[in-house]
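Student: Sending over a structure as structure tokens; questions will come in a sec.
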Amino acid sequence: MPSRRPIVAAALMAAVTLAGCARSSGPPVTATPDDMSLGNPNAKVKVVEYASASCPHCARFALDVFPTFKAKYVDTGKVSFTLKEYLTEPEVLAAGGFLLARCAGKDRYFAVLDAVFRDQAKMVQTGDYKTGFRRIAKDPGGLTDAQFEACMKDTAAAQALAARANAHVKVDKVGATPTFVINGRRFEGEMTMPELDAAIAKAQG
């Protein structure tokens with residue numbers, strides 16, 4: 001089952017209400033300059049994923065399926081991939097993971113998020129998020145301790161994240177993670193490679 005508990009993250013210092021219901025259709029979705037994307041932006045097929053750094057289903061997709069998907073479609077220029085940031089409990093992990101990935105820069109964003117997904121279960125089990133984040137900030141993030149501390153205290157970045165997440169619920173009408181949109185068709189929950197193959201083939205026409 002996809003994660004269905006959108007949260008209000010106090011750490012984001014913004015009063016947002018992330019509420020929605022699961023659905024298989026919604027308004028058109030496009031990549032924006034604030035999103036993180038990979039691949040050929042002019043590719044015929046656009047794959048958008050709404051994911052949370054604290055969602056175990058998103059982590060499983062990222063670690064088990066995404067590498068194959070990326071090699072087959074994104075790296076070959078056949079698909080443009082965009083990740084849209086969504087927030088689920090525990091909020092400290094969701095918000096912190098995305099803030100850290102953005103502080104590392106666009107070139108390291110997905111590597112940092114991948115590391116967060118790999119350590120996700122351990123951080124949830126121990127509740128020691130800061131130690132995990134600090135380790136990831138150094139490698140693969142390439143941040144110094146001072147840069148890491150500044151990143152975690154960046155109120156403006158936290159508020160911007162809150163605004164993006166809020167829009168994904170209120171405007172895009174997404175109510176669960178992961179949710180995929182492939183050339184306008186919505187798929188809620190984890191997708192396997194065969195499912196992605198079929199959806200992309202249909203989108204290619």
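Student: Which members of segment 171-205 meet the condition of being in contact (Cβ under 8 Å) with a residue 24 or more places away in the chain, of a type in the set (D, E, K, R) and not in a strand (DSSP E or B)?
Tutor: Answer for segment 171-205, where residues must be in contact (Cβ under 8 Å) with a residue 24 or more places away in the chain, of a type in the set (D, E, K, R) and not in a strand (DSSP E or B): ASP172, LYS173, GLU190.
Student: Quickly run through segment 166-183 and pick out the residues that are under 26 Å from GLU195 (Cβ atoms) and surrounded by 19 or more Cβ atoms within 10 Å (Cβ to Cβ).
Tutor: HIS168, VAL169, ASP172, VAL174, GLY175, ALA176, THR177, PRO178, THR179, PHE180, VAL181, ILE182
Student: Now for a different question. Given the conditions (1) touching a Ser or Thr at 6+ places or on another chain (Cβ under 8 Å); (2) more than 15 Å from SER52 (Cβ to Cβ), which single one is not true for PHE148?
Tutor: The single condition PHE148 does not satisfy is (1).
Student: Considering only segment 69-77, I want to know if a residue exists there that is closer than 24 Å to VAL29 by Cα, among the hydroxyl-bearing types (Ser, Thr, Tyr), outside any helix (DSSP H, G or I) and over 15 Å from the mean Cα position of the chain (by Cα).
Tutor: For segment 69-77, residues closer than 24 Å to VAL29 by Cα, among the hydroxyl-bearing types (Ser, Thr, Tyr), outside any helix (DSSP H, G or I) and over 15 Å from the mean Cα position of the chain (by Cα): present.
Student: Now for a separate question. Just the residues that are part of a helix (DSSP H, G or I), loosely packed, with under 15 Cβ neighbours inside 10 Å and not aliphatic (A, V, I, L, M), please, taken from segment 119-129.
Tutor: Going through segment 119-129, the residues part of a helix (DSSP H, G or I) turn out to be 119-126, 129.
Going one step further and asking which of them are loosely packed, with under 15 Cβ neighbours inside 10 Å, we end up with 121-122, 125-126.
If the condition is that a residue be part of a helix (DSSP H, G or I), loosely packed, with under 15 Cβ neighbours inside 10 Å and not aliphatic (A, V, I, L, M), then LYS122, GLN125, THR126 are the ones that fit.
Student: Another question, then. Within segment 141-148, is there a residue that is surrounded by fewer than 21 Cβ atoms within 10 Å (Cβ to Cβ), among the hydrophobic types (A, V, I, L, M, F, W, C) and within 15 Å of the chain's Cα centre (by Cα)? It would help to see each step written out before you state the result.
Tutor: As a first pass, look at segment 141-148 and keep what is surrounded by fewer than 21 Cβ atoms within 10 Å (Cβ to Cβ): 142, 144-147.
Adding the requirement that they be among the hydrophobic types (A, V, I, L, M, F, W, C) leaves 146.
Applying the additional criterion that residues be within 15 Å of the chain's Cα centre (by Cα) yields none.
No, because not a single residue in segment 141-148 is surrounded by fewer than 21 Cβ atoms within 10 Å (Cβ to Cβ), among the hydrophobic types (A, V, I, L, M, F, W, C) and within 15 Å of the chain's Cα centre (by Cα).
Student: A further question follows. Taking only pairs six or more apart or across chains, which ones have beta-carbon atoms under 7 Å, a first residue in segment 138-159 that is touching a residue at least 12 places away in the same chain (Cβ under 8 Å) and of a type in the set (Gly, Ala, Ser), and a second residue that is in a loop (DSSP other than H, G, I, E, B) and exposed (fewer than 13 other Cβ atoms within 10 Å of the Cβ)?
Tutor: Here the result reads ALA158/MET13, each pair linking segment 138-159 to a residue that is in a loop (DSSP other than H, G, I, E, B) and exposed (fewer than 13 other Cβ atoms within 10 Å of the Cβ).
Student: What are the pairs with Cβ atoms under 6 angstrom where one residue, in segment 93-107, is in a helix (DSSP H, G or I) and the other, located anywhere, is among the polar types (S, T, N, Q) and crowded, with 24+ Cβ neighbours inside 10 Å? Sequence gap at least six, or different chains.
Tutor: Close Cβ pairs (under 6 Å, with a partner that is among the polar types (S, T, N, Q) and crowded, with 24+ Cβ neighbours inside 10 Å) amount to LEU93/SER54; ALA94/SER52; ALA94/SER54; ALA94/THR88.
Student: Suppose we keep only residues that are among the hydroxyl-bearing types (Ser, Thr, Tyr) and in a helix (DSSP H, G or I) within segment 130-169. Which one would you say is farthest from ALA95 (Cα to Cα)?
Tutor: THR131
Student: Please determine, by comparing only the residues of segment 30-57 that are among the aliphatic types (A, V, I, L, M) and surrounded by 23 or more Cβ atoms within 10 Å (Cβ to Cβ), which one is nearest to LEU93 (Cα to Cα). Outline the logic, then answer.
Tutor: The first filter runs over segment 30-57 and keeps only residues among the aliphatic types (A, V, I, L, M), leaving 31, 36, 38, 43, 45, 47-48, 51, 53.
After this cut, where a residue has to be surrounded by 23 or more Cβ atoms within 10 Å (Cβ to Cβ) as well, the list is 47-48, 51, 53.
Details: VAL47: 25, VAL48: 22, ALA51: 13, ALA53: 7 Å.
Per the stated criteria, the residue is ALA53.
Student: Something else now. Only one of LEU99, LEU63 is at pLDDT 90 or above, of a type outside the set (Lys, Arg) and surrounded by fewer than 21 Cβ atoms within 10 Å (Cβ to Cβ). Can you tell me which?
Tutor: Numbers: LEU99 fails: surrounded by fewer than 21 Cβ atoms within 10 Å (Cβ to Cβ).
Answer to the check: LEU63.
Student: Related question: Quick one: is VAL116 assigned to a helix (DSSP H, G or I) and β-branched (Val, Ile, Thr)? Full working, then the answer.
Tutor: Details: assigned to a helix (DSSP H, G or I): yes; β-branched (Val, Ile, Thr): yes.
Spelling it out, VAL116 is indeed assigned to a helix (DSSP H, G or I) and β-branched (Val, Ile, Thr).
The values are calculated or read from the model by the stated rules, or taken from the named source; none is laboratory data. Because the structure is a prediction, the values reported are computed rather than measured. Don't worry about glycine lacking a Cβ; one is built from the backbone with ideal geometry, like all the others, and counts go over all protein chains shown.
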